[in-house]
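Undergrad: Would you mind keeping the following structure in view while I ask a few things?
Taken together, the values in this text are just the output of simple stated rules run on the coordinates, not laboratory data. Since the model is a prediction, treat every value here as computed from it, not as a measurement. When we count neighbours, we look across all protein chains shown, and the Cβ atoms used for this are built from the backbone with ideal geometry, even at glycine.
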Amino acid sequence: MVAGWSLGRAEILDFRAPVADKEVSRNFGEVAVAGVLDGIRVLDFGRYIAGPYCATLLGDLGAEVIRIEKVKGGEDRYTVPVTAGGEGGTFIQMARNKRGMTLDPRAPEGREIVAKLVATADVVVANLPPQTLEAMGLDYESLKAIKPDIILTTNSMFGSGGPYSHRVGFDGVGQAMSGTMHLSGYADEPMKAYPPFVDFGTALYSALGTLAALIARKETGRGQKVETSLLGTAISFNNAAIIEQAMVAPDRVGTGNRGQTAGPADVFRTRDGWVLVQIVGQPLFERWARLMGENHWLTDPRFASDQARGDNRDALSARMAPWCAERTTADCVAELDAARIPSGPVLSPQEALADPHILAKQFIKALDYPGLPAPAPVAPAPVDLSETPADCFERAPLLGEHTDHILADLGYDDAAIAALREREVI
């Protein structure tokens, strides 16, 4: 358990179906944790980020989450390895607050176990293409036949329906097809963002939809299918640019870090690094002109509005660049802050680990895992709930760590579990 974790339970909303005749308490070791989703069981069949992180967020809110992966481990367990056993940083982040079991859901005995698990669950999370869901018996109709009030939360690259629904893809495909990459980078080189924000955004939308479905089920007693897609997320995040293109057709291309709709908005070299400055709105521009000691910027019609400043961004960046080059990054940030102008140093991941505000706000917390050289800096959900806080507090499971216990809860004895393992069903 992460040091300092505490949770006082006040009166909280009960998301269980009104007809529920069970209450699943969530216990990790000897620590009982109550959260806003206490009593909700989630089956996580997710892969990589969009599905698993949705389940992670539900787990942060108190749901009991069972991660179900391949007998030899899912691919996402071993992406970018950081432990002696080969587990990756994404897995360390995504699998917190989960119990882990291995299972082959395509085997007849595996399908039987899936059905028994579904009968005990409230939510199934599976970011798989529609045809794969059907093949594994995880499509909504199959699940509903087992438990009528089940909620299926699913996402895929393109969603069901439409000419691309059969295709697979990752975060980068969403960035590419939404216009985002075209507007990032440069005119002759589209650029993908390093963090997979489309994946994480889809996970957030999925968690939001799941919470809405749980609220609706509380009122109606009925479950439903919650569906999101990576391309849908990417389009929604880049919607303003798409609206602008449809209405006034500016045919924008990438300009690197230099903003196109306000200014000065750019990354500037300092004496010892880089600093980002972002000025949007007339009050900020006026403060910037005063900081420069040059009021003529305020009377020049080329800079009379945000869009005009964006159109004439090169002149503004050309003025700001020497001002930053004469100062250290710390001095730039201090003077800009004194003028109430948004700015920030460009930090490497190593520098972010040591940033005093990141540490003080506990945007990263130490979470250990077997085989790590030291506890990992895991980012909890950055949402502060005053009465029912969400947090990360339990490490990711070892491969199949809780399989036997989960099967025992379903009624399997030791001999039956051993036989399943012998046949590589688990």
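Undergrad: Based on this model, can you work out whether ALA415 counts as closer than 30 Å to VAL114 by Cα, out of contact with any helix residue (DSSP H, G or I) (no Cβ under 8 Å at 6 or more places or on another chain) and either among the basic types (Lys, Arg) or part of a helix (DSSP H, G or I) (or both)?
TA: yes
Undergrad: I would also like to ask the following. Would you mind finding the one in LEU410, LEU367, LEU385, LEU398 that is more than 19 Å from ARG96 (Cβ to Cβ) and surrounded by 12 or more Cβ atoms within 10 Å (Cβ to Cβ)?
TA: Answer to the selection: LEU410.
Undergrad: Give the range 339-364 a look and list any residue that's farther than 23 Å from ARG269 by Cβ and surrounded by 13 or more Cβ atoms within 10 Å (Cβ to Cβ), or say none.
TA: The answer is ILE358, LEU359, GLN362, PHE363, ILE364.
Undergrad: May I ask you to list pairs of residues, at least six apart or on different chains, whose Cβ atoms are under 6 Å apart, with the first in the range 249-264 being more than 17 Å from ASP188 (Cα to Cα) and the second being assigned to a loop (DSSP other than H, G, I, E, B)?
TA: Final answer for the pair search is ALA262/VAL280; PRO264/ILE279.
Undergrad: Would you pick out the residues in the range 155-172 that are more than 17 Å from the chain's Cα centre (by Cα) and among the aliphatic types (A, V, I, L, M)?
TA: Once the filter is applied, which keeps residues that are more than 17 Å from the chain's Cα centre (by Cα) and among the aliphatic types (A, V, I, L, M), the range 155-172 yields only VAL168.
Undergrad: Return the residue satisfying two criteria in turn: it lies in the range 255-272 and is among the charged types (D, E, K, R) and assigned to a strand (DSSP E or B), and of such residues it is surrounded by the fewest Cβ atoms within 10 Å (Cβ to Cβ).
TA: Result: ARG269.
Undergrad: A further question on this structure: Please verify whether PRO380 is part of a loop (DSSP other than H, G, I, E, B), touching a helix residue (DSSP H, G or I) at 6+ places or on another chain (Cβ under 9 Å), of a type outside the set (Ser, Thr, Tyr) and surrounded by 14 or more Cβ atoms within 10 Å (Cβ to Cβ), treating the condition exactly as stated.
TA: So PRO380 fits the description; yes.
Undergrad: Residue check, VAL168 against (1) outside any loop (DSSP other than H, G, I, E, B); (2) under 14 Å from LEU230 (Cα atoms); (3) among the aliphatic types (A, V, I, L, M), all met but one. Which one?
TA: With respect to (1) outside any loop (DSSP other than H, G, I, E, B); (2) under 14 Å from LEU230 (Cα atoms); (3) among the aliphatic types (A, V, I, L, M), VAL168 is out only on (1).
Undergrad: Identify all residues within the range 312-338 that are closer than 18 Å to GLY281 by Cα, under 34 Å from the mean Cα position of the chain (by Cα) and surrounded by 13 or more Cβ atoms within 10 Å (Cβ to Cβ); write none if there are none.
TA: Hits for the range 312-338 are ARG313, SER317, LEU336.
Undergrad: Residue check: is LEU359 in a loop (DSSP other than H, G, I, E, B), more than 16 Å from ASN97 (Cβ to Cβ), without any contact (Cβ under 8 Å) to a residue 12 or more places away in the chain and out of contact with any Ser or Thr (no Cβ under 6 Å at 6 or more places or on another chain)?
TA: Considered against the rule, which asks whether it is in a loop (DSSP other than H, G, I, E, B), more than 16 Å from ASN97 (Cβ to Cβ), without any contact (Cβ under 8 Å) to a residue 12 or more places away in the chain and out of contact with any Ser or Thr (no Cβ under 6 Å at 6 or more places or on another chain), LEU359 comes out as no.
Undergrad: Kindly indicate which of THR220, THR210, THR202, THR154 is within 29 Å of THR255 (Cβ to Cβ) and polar (S, T, N, Q).
TA: Criteria check complete, one pass: THR202.
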